[in-house]
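Beneath this line is the structure, given in structure tokens, with notes to follow.
The values are calculated or read from the model by the stated rules, or taken from the named source; none is laboratory data. This is a predicted model, so every value here is computed, not measured. Cβ placement follows ideal geometry from the backbone for every residue including glycine, while neighbour counts extend to all protein chains displayed.
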Amino acid sequence: MSFLKNIFGKKETYPSIDFSVFKTDMHSHLIPGIDDGSPDMETTIALIKEFKQMGYSKIITTPHVMSDYYKNTPEIILGGLEKVREELKKQNIEIELHAAAEYNLDDGLDKLIDENKILTFGDKHVLFELPFMQEPRNIQEIVFKFQTNGYKPILAHPERYGFWYKDFEKYEELKAKGMLLQLNLLSLTGHYSPETKKVAERMVDENLVDLVGT
């Protein structure tokens, strides 16, 4: 993804950017009221209008699924998706909108895989994230389980996991095992922290980024 360097570079300020080069955003939280993303339909529609203005033509929104906090099911997520689609149609807003999920690697994920209750996009791609405080010991096991069940795992925002900042080889190790890595675009602006920005830039420089999301 060398074109990311041309868009963001390593500048301190960033001009208005045309994101149409990406066409699709595959990590957002736009279903109203079901996680820590959009709280209501009005906010959702406003955000989607911003996506269009930035040049996106397709959105795959990915609500959190966490066994202790956001107990979202495919029925909840897809039901919310239909309500948003209806509102977009009512307001004559033309954009392609789909939904999957962002799964937290917690005690409930094994069961969801076993019960085939995983929402995917594309060619059975599944987005998942890790806890931020400590590296889980069962990452490899979950990745293997995803793969043996026909899924293609994508790790969300790996540049934000501080426990790997001094172990950069971990990113290469994960990719070698067949995992895709998704970078948050905001990480390249220093939004989260200077250290996150530094890691994100290095990932781009070393061609470790497979997908990007807002």
Worksheet item: Can you tell me which residues in segment 129-165 are exposed (fewer than 13 other Cβ atoms within 10 Å of the Cβ) and either among the acidic types (Asp, Glu) or in a helix (DSSP H, G or I) (or both)?
Response: Glu141, Thr148
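Each row is one residue, and each column tells you yes or no for (1) of a type in the set (S, T, N, Q); (2) within 12 Å of Tyr103 (Cβ to Cβ); (3) in contact with a helix residue (DSSP H, G or I) (Cβ under 6 Å, 6 or more places away or on another chain).
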| position | (1), (2), (3) |
| --- | --- |
| Lys124 | no, no, no |
| Glu129 | no, yes, no |
| Gln134 | yes, no, no |
| Arg137 | no, no, no |
| Lys152 | no, no, no |
| Ala156 | no, yes, no |
| Glu159 | no, no, yes |
| Glu169 | no, no, no |
Item to complete: Might you check whether a residue that is touching a Ser or Thr at 6+ places or on another chain (Cβ under 7 Å), of a type in the set (D, E, K, R), loosely packed, with under 14 Cβ neighbours inside 10 Å and not in a helix (DSSP H, G or I) occurs anywhere in segment 81-98?
Response: yes
Item to complete: Name every residue in segment 166-184 that is exposed (fewer than 15 other Cβ atoms within 10 Å of the Cβ) and under 16 Å from Pro136 (Cα atoms), in order of residue number.
Response: Asp167, Glu173
Discussion item. Given the condition basic (Lys, Arg), over 30 Å from Glu82 (Cβ atoms), buried (at least 19 other Cβ atoms within 10 Å of the Cβ) and at pLDDT 95 or above, answer yes or no: does some residue in segment 198-213 qualify?
Written reply: no
Worksheet item: Taking the stated definitions as given, is Glu96 in contact with a Leu (Cβ under 7 Å, 6 or more places away or on another chain), touching a residue at least 24 places away in the same chain (Cβ under 8 Å) and not hydrophobic (A, V, I, L, M, F, W, C)?
Response: no
Item to complete: Any chance you could count how many residues in segment 58-67 are touching a residue at least 40 places away in the same chain (Cβ under 8 Å) and either more than 16 Å from the chain's Cα centre (by Cα) or not in a loop (DSSP other than H, G, I, E, B) (or both)?
Response: 5
